[in-house]
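Below is one structure, written out as structure tokens; the observations come after it.
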Amino acid sequence: MSAPRDQHFLVDRGAVEKIANFVDVSGRRVLEIGPGEGVLTHALLDRGATVIAVEIDPALVEELEIAFADEIEEGRLQIVQGDAVKVDIPPFDIVVANLPYSASSKITFRLLNIGFEAAILMYQKEFAQRMIAPPGTPNVGRLSVMVQTHASVKPLLDLGPGSFRPKPRVRSWVVRITPHEPTYPLVDRRVYADMVRVLFSHRRKTVRKGLRSGKGTFADEQIEHVIAELPAELLQCRPEDLTLEEFALIANTLAGR
């Protein structure tokens, strides 16, 4: 079967075995996004997982339903057809998935909002490297700040194009994401997320100018409260220069604390 646009089937059996073994899935409800031809699905089921597979391509869904008819009947596999960014997802404990490159960011943010115990996720290598870029360094962005605020990220496996069919033009990384409470308490997580988005939408501007450029997101009085309360040197920083503690301070001041 040919791969749909933006989908690269993992065909490296050794990599499949490693990915399936990175977290104990026995007796757990495991979310798999983009099961494709079901190679990883097989490995997860073999290890005693109950799998919820979200697949956007109707033709692949049909093939999966035929290939896994017994597991579906036994209740060990549930296939959900739809876009993982928007479709309703049944409750799950763990995520193991080869994410589509183009939707990696949106899916990652959604998974963090839903919550999970652990996630073993495959990304384009460059994307994963941005995810772990430390705050205060040039490569930091909205993705790295939001992920590192709510989780720890550990690279596990580096895969070349030959591990997939068709071969992508980039290398891939498998990482483990483990959620945790923010190191610096947040008064309002929505305000925090909006603030990080606004500042990195204007990443070449200072914090002061970036917030004022986000007037459609925050009320004028919120922005002026921050400018009045926070040190001038902090307001003169650009987003890439801020620490997680400083992001929390700005958001908590925006929220009125």
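The values are calculated or read from the model by the stated rules, or taken from the named source; none is laboratory data. Quick caveat: nothing in here was measured; it's all calculated off a predicted structure. Ideal geometry is used to build each Cβ from the backbone, glycine not excepted, and the neighbour counts take in all protein chains shown.
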- prompt: In this structure, is A219 touching a residue at least 40 places away in the same chain (Cβ under 8 Å) and either in contact with a Phe, Trp or Tyr (Cβ under 9 Å, 6 or more places away or on another chain) or over 25 Å from S152 (Cα atoms) (or both)?
  reply: no
query: From A53, A69, A84, A118, which residue is without any contact (Cβ under 8 Å) to a residue 12 or more places away in the chain, out of contact with any Cys (no Cβ under 7 Å at 6 or more places or on another chain) and small (G, A, S)?
result: A69
message: List the residue pairs whose Cβ atoms are under 8 Å apart, where the first residue sits in segment 10-32 and is in a helix (DSSP H, G or I) and surrounded by 19 or more Cβ atoms within 10 Å (Cβ to Cβ), the second is hydroxyl-bearing (S, T, Y) and at pLDDT 95 or above, and the two are 6 or more positions apart or on different chains.
response: A15/S163
message: Between T137, T183, T149, which is surrounded by 18 or more Cβ atoms within 10 Å (Cβ to Cβ) and within 25 Å of G214 (Cβ to Cβ)?
response: T149
statement: The correct count of residues that are farther than 14 Å from V145 by Cα and in contact with a His (Cβ under 7 Å, 6 or more places away or on another chain) in segment 166-208 is 2
message: Residues to consider are R197, R204; find the one that is touching a residue at least 40 places away in the same chain (Cβ under 8 Å), within 29 Å of A128 (Cβ to Cβ) and not assigned by TED's automatic domain parsing to the domain that holds V23.
response: R197
